[in-house]
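Q: One structure, as structure tokens, below. Some questions next.
No value in this document is a laboratory result; all are computed from the given coordinates. Predicted model, so just to flag it, every value in this text is computed and none were measured. Here the Cβ positions follow ideal geometry from the backbone for every residue, glycine too, while neighbour counts run over all protein chains shown.
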Amino acid sequence: MINTIYVENEIKDYSRTLSILSKFKRSRIIYINKYSEIFNKKNQSFRLQKKDPLLILAKKNNNFVLKAPEGFGLGASKNYYFSHMYNCIYDCKYCFLQGLYSSANYLVFVNYEDFLNQINNLVIRNKGKSITFFSGYDCDSLAMEKVTSFADFFLKNYLENKKITYEFRTKSLQINPFLKNKPSENIIIAYSLLPGDLAQKFDIKAPAINLRIKSLKQLTSLGWKIGLRFDPLIYNNNWKISYKELISTILDEINTNYLHSVSFGSLRFPKQIFNTINNMYPGDELFSHDFKKKDNVYSYKGEIEKEMISYCKNIIHKKVKKDVHIFSCTPY
């Protein structure tokens, strides 16, 4: 339950704003001039706010679509990401957002049309080039779908173009927009996945792995393309057994004819975010193995990282068609 909602004055009469507010009959509504008055306050406690986050409805005025970090992509010549929301309803211990933002409040930008307009402009400027647009970098793409209806809006209005790919990155079970719309060749629903024992420890508040697999199965049964994102790969003493079991279970359950891509990336953090998150969880198992700093990024020792990615890739190669994209993802 969200007890308090802040609304920018400029968008208080937008039909989308009113639609969202209608879903919170008992919440206190406070009108503000700019979302930064609340979201960008100094001396906020992310962990404290996470216990009872506020919702902020605002209008984004620029930077609707940004270049994806180096190493983040599916092989297209151009890679971009867009975020209709900042922060996430889940509380995964390794999530970089808790080191990126000082606020844990949910910030939703209601001017969806402006995101699509910039996507269209980028496609025109890069005519003939292959492009991937990623949703779900600063938030989970679908976790607040019942509130925002963003995916539903996007599926009804997106630009169909064979050279353009759109990825919705998620851990959510909120797949209704895809169940009621016709599958598209250039849309991928990509699930972030951990072995069940690790998910219980680190994917706090996120749906259980078996339920995510059930959603993947449902999506492929309807003809939607899906992606498997084993990112981050988390090391422990039983990682080989855990990941082999996870990958085998998924591939046995889904229709692999609709498996678009599989990516792997070991647990890693930019230096400042690593320090912030490590201080949030002193002595936690997540940081119990040696991390090494390389090029301002903290990650596992090189041999551990290479072994985990190589081992998991080999399992996939043995079980799926050759045209499935299998790659390592190493942004930062």
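Q: Asp284: net charge of surrounding residues, Cβ under 10 Å, Lys/Arg +1, Asp/Glu -1, itself excluded?
A: Numbers: positive: Lys93, Lys201; negative: Glu285.
Net charge in that neighbourhood comes out at +1.
Q: Under the rule of at least 5 residues apart or a separate chain, name every residue whose amide H is placed under 5 Å from the amide H of Tyr6.
A: Ile30, Leu55, Ile56, Leu57
Q: Once you have all Cα-Cα distances for segment 59-328, histogram them in 5 Å bins from zero and send the whole-percent values.
A: Answer for segment 59-328: a P(r) of 1, 5, 12, 17, 19, 19, 14, 9, 4, 1, 0 percent.
Q: When the chain is modelled as a GNM with alpha-carbon springs shorter than 10 Å, which of Glu185, Glu303, Glu145 fluctuates the most?
A: Per the Cα network of the chain with a 10 Å cutoff, Glu303 tops the list.
Q: Once amide H atoms are placed 1.01 Å from N in the peptide plane, what residues at a sequence separation of 5 or more from Ala190, or on another chain, have their amide H within under 5 Å of its amide H?
A: Hits under the 5 Å cutoff: Phe168, Arg169, Thr170, Gly227.
Q: Residues in segment 84-107, backbone N under 19 Å from the label point at Phe24 (7 Å along the Cα-to-beta-carbon vector): list them, ranges by number please.
A: Label zone hits: 84-91, 102-107.
Q: Over segment 202-332, with a single point scatterer placed on each C-alpha, what log10 of the ratio I(q)/I(0) does the Debye formula yield at q = 0.12 1/Å?
A: Taken in order of the listed q values, log10 I(q)/I(0) reads -0.52.
Q: A further question follows. Which residue, Pro195, Pro282, Pro207, tops the fluctuation ranking in a GNM of the chain built on C-alpha contacts under 10 Å?
A: Per the Cα network of the chain with a 10 Å cutoff, Pro282 tops the list.
Q: For segment 181-188, what does the Karplus curve 6.51 cos²θ - 1.76 cosθ + 1.60, with θ = phi - 60°, yield as ³J(HN,Hα) per residue in whole Hz, taken in order and with x for Gly and Pro?
A: My calculation for segment 181-188 gives 10, 6, x, 10, 4, 10, 10, 10 Hz in order.
Q: While we're here: Residue by residue through segment 64-70, what is 3J(HN,Hα) from phi via Karplus (6.51 cos²θ - 1.76 cosθ + 1.60, θ = phi - 60°)? Round to whole Hz and write x for glycine and proline.
A: 5, 10, 10, 5, 5, x, 4
Q: Provide the FRET efficiency to the nearest 0.05 for the Ser248-Ala208 pair, computing r from the beta carbons and using R0 = 22 Å.
A: Working from the Cβ atoms, E equals 0.80.
Q: So which of Lys201/Lys240; Lys78/Lys313; Lys129/Lys240; Lys127/Lys182; Lys163/Lys240; Lys51/Lys271 end up more than 28 Å apart by C-alpha?
A: Working: Lys201/Lys240 17 Å; Lys78/Lys313 25 Å; Lys129/Lys240 39 Å; Lys127/Lys182 26 Å; Lys163/Lys240 37 Å; Lys51/Lys271 26 Å.
As for pairs spanning more than 28 Å Cα to Cα, those are Lys129/Lys240; Lys163/Lys240.
Q: What is the distance in Å between the Cα centroid of segment 175-210 and that of segment 92-121?
A: Taking the Cα centre of segment 92-121 as reference, the centre of segment 175-210 is 18 Å away.
Q: What does the charge count around Leu251 come to, taking other residues whose C-beta lies under 13 Å from its C-beta (Lys +1, Arg +1, Asp -1, Glu -1)?
A: +2
Q: Would you mind computing, in nm to one decimal, how far apart the modelled labels at Ile124 and Asn3 are, each placed 7 Å from Cα along Cα→Cβ?
A: With each label point 7 Å from Cα toward Cβ, the separation is 4.8 nm.
Q: Right, here's the next one. Go ahead and collect, in residue order, the members of segment 57-96 whose backbone nitrogen is under 14 Å from a label point 7 Å along the Cα-Cβ direction of Lys146.
A: 89-90
Q: Could you put Leu286, Leu194 in order, starting from the residue whose Cβ has the fewest other Cβ atoms within 10 Å?
A: Leu286, Leu194
Q: Can you give the local net charge around Ser130? Use residues other than it whose beta-carbon is closer than 10 angstrom to its beta-carbon, Lys and Arg +1, Asp and Glu -1. Please report the intermediate quantities before stating the final value.
A: Values: positive: Lys78, Lys129, Lys162, Lys163; negative: none.
Combined, the nearby Lys, Arg, Asp and Glu give +4.
Q: With each pseudo-label sitting 7 Å past Cα toward Cβ, what's the Asn117-Ser15 distance in nm, one decimal?
A: It is 1.7 nm.
Q: Distance cut-off 27 Å, Cα to Cα: go down the list Lys180/Lys322; Lys171/Lys294; Lys205/Lys244 and report the pairs above it. Write out the running numbers ahead of the final one.
A: Working: Lys180/Lys322 30 Å; Lys171/Lys294 29 Å; Lys205/Lys244 24 Å.
Beyond 27 Å: Lys180/Lys322; Lys171/Lys294.
Q: Using the Cα centre as the reference, give the magnitude of the dipole from point charges on the C-beta atoms of the chain (Lys, Arg: +1; Asp, Glu: -1; all else neutral), rounded to the nearest 20 debye.
A: Using only the charged Cβ atoms, the result is roughly 280 debye.
Q: Taking amide hydrogens as modeled 1.01 Å from N in the peptide plane, which residues meet the under 5 Å criterion relative to Cys92, leaving out close sequence neighbours?
A: So Cys92 has HN proximity to Ile204.
Q: Mind checking which of Ser27, Ser266, Ser83 has the largest fluctuation in a GNM of the chain, springs on alpha carbons under 10 Å?
A: Ser27
Q: Along the charge dipole of the chain, Cβ charges K/R +1 and D/E -1, which of Cys92, Phe150, Trp239 sits furthest on the positive end?
A: Phe150
Q: Give the calculated FRET efficiency between Glu285 and Asn157 to the nearest 0.05, with a Förster radius of 45 Å applied to their Cβ-Cβ distance.
A: Here the calculated transfer efficiency is 0.55.
Q: Between Lys41 and Asn61, what is the spin-label point distance in nm, taking each point 7 Å from the Cα along the Cα→C-beta axis?
A: 2.2 nm
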